[in-house]
Amino acid sequence: MSSDDLEALALLHDPVRRSLYDVVASRGGDVGRGEAAEAAGVSRTLAGHHLDKLVEAGLLESGFRQQERKGPGSGRPAKVYRRATGERSVSLPPRDYATLASVLADVVDLLGAEERAEEVARGAGARIARKHRGEPVERVLSERGYEPYAEDDTLRLRNCPFHVLAEEQPLLVCSMNLALCQGLLEGLGDDPGRAALDPRPGECCVALSKTNND
């Protein structure tokens, strides 16, 4: 944990900034200043001020969306915002669980113990489920940081809680993530076959169908 992490996360204590951040993060793509302002219930000018502060802190990224109309009179490109790809974490005193998790992932890969790792991950999902009996899987996944959202007949997961490790060991981490989600579903009395690997850029590699199509 660095002082920059603390300062960045402290910005979210302001309710307007937190609301604007949530709006942008929940859309999963570029969000215009006016769109964010309307969703947060504030003026466009105020939204722009706070959004730019979140960009300065590294919590959001900004860019420009080209206007559909080209040529004279088309106007300037619209400024848009998206959630930053970096991660922020706070613990007192500082902890470094990510490094140890990376080492353990390397050990599993070195020993060729992927199947055993999947089995353990499935059991971990079942243990999580025991603490959430009777709750819908969407709520449990949300509490675990997956940020689920519905798309047609699929429940997609906007965020990968294991993103850093997945960058280093994608095959291992994604297979363990799938096993964990299947164990969670089964522990909740749901069909584990609903969970399948369906990776998309910038999102979790796992997706859940509304019903098992097998």
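The values are calculated or read from the model by the stated rules, or taken from the named source; none is laboratory data. Please read these numbers as outputs of a predicted model, since none were measured by experiment. Backbone-built Cβ (ideal geometry, glycine too); neighbour counts: all protein chains shown. What goes into the accessible areas is simple: the full protein's heavy atoms, side chains included, and nothing from ligands, DNA or RNA. Shrake-Rupley method; radii C 1.70, N 1.55, O 1.52, S 1.80 Å.
Which distance in nm do the two modelled labels at ASP106 and ASP152 give, with both placed 7 Å along the Cα-to-Cβ direction?
Simple spin-label model gives 4.1 nm for this pair.
Take the alpha-carbon positions of segment 135-206, form their convex hull, and give its projected area averaged over all directions (one quarter of the hull surface) in nm².
Convex hull of Cα atoms, orientation-averaged projection: 4.5 nm².
Using only the Cα atoms of segment 90-214, what do you get for the radius of gyration and for Dmax, in Å?
Here Rg and the maximum Cα pair distance are 14.6, 48 Å.
State in Å² the accessible area per residue of the chain; use a 1.4 Å probe, count heavy atoms of protein chains only, and round to the nearest integer.
60 Å²
Hey, quick one: spin label on THR85, modelled 7 Å out along Cα-Cβ, who in segment 189-207 has an amide N within reach, i.e. under 18 Å?
Inside the label zone: 199-205.
Stretched out fully, how many nm does the piece from ARG95 to ASP191 gain, at 0.36 nm a residue minus the Cα gap? Please report the intermediate quantities before stating the final value.
Numbers: separation 96, 0.36 × 96 = 34.56 nm, distance 3.63 nm.
Going from the current span to full extension adds 30.9 nm.
Considering only protein heavy atoms and a 1.4 Å probe, what is the carbon-and-sulfur percentage of the accessible area of segment 101-173?
Carbon-and-sulfur percentage of accessible area, whole number: 51.
Report the FRET efficiency, 1/(1 + (r/R0)^6), for SER142 and GLU114, where r is their Cβ-Cβ distance and R0 is 25 Å, rounded to 0.05.
0.35
Across segment 152-166, in residue order, what do the Karplus-derived ³J(HN,Hα) couplings come to in whole Hz, using 6.51 cos²θ - 1.76 cosθ + 1.60 with θ = phi - 60° and x for Gly and Pro?
So the J values, rounded to whole Hz, are 6, 9, 10, 9, 9, 10, 5, 10, 9, x, 10, 4, 4, 5, 5.
Ordering TYR81, TYR21 by how much accessible area each has at a 1.4 Å probe, largest first, what is the list?
Ranked list, largest accessible area first: TYR21, TYR81.
Based on alpha-carbon atoms only, what is the radius of gyration of the chain relative to the globular estimate 2.2 N^0.38 Å? Numbers along the way, then the final one.
Working: Rg = 20.0 Å, N = 214, 2.2 N^0.38 = 16.9 Å.
Output field value: 1.18.
Name all residues of segment 80-118 having a backbone nitrogen under 14 Å from the label point set 7 Å from the Cα of ALA124 along its Cα→Cβ direction, giving them as ranges.
Output list for this probe position: 97-109, 114-118.
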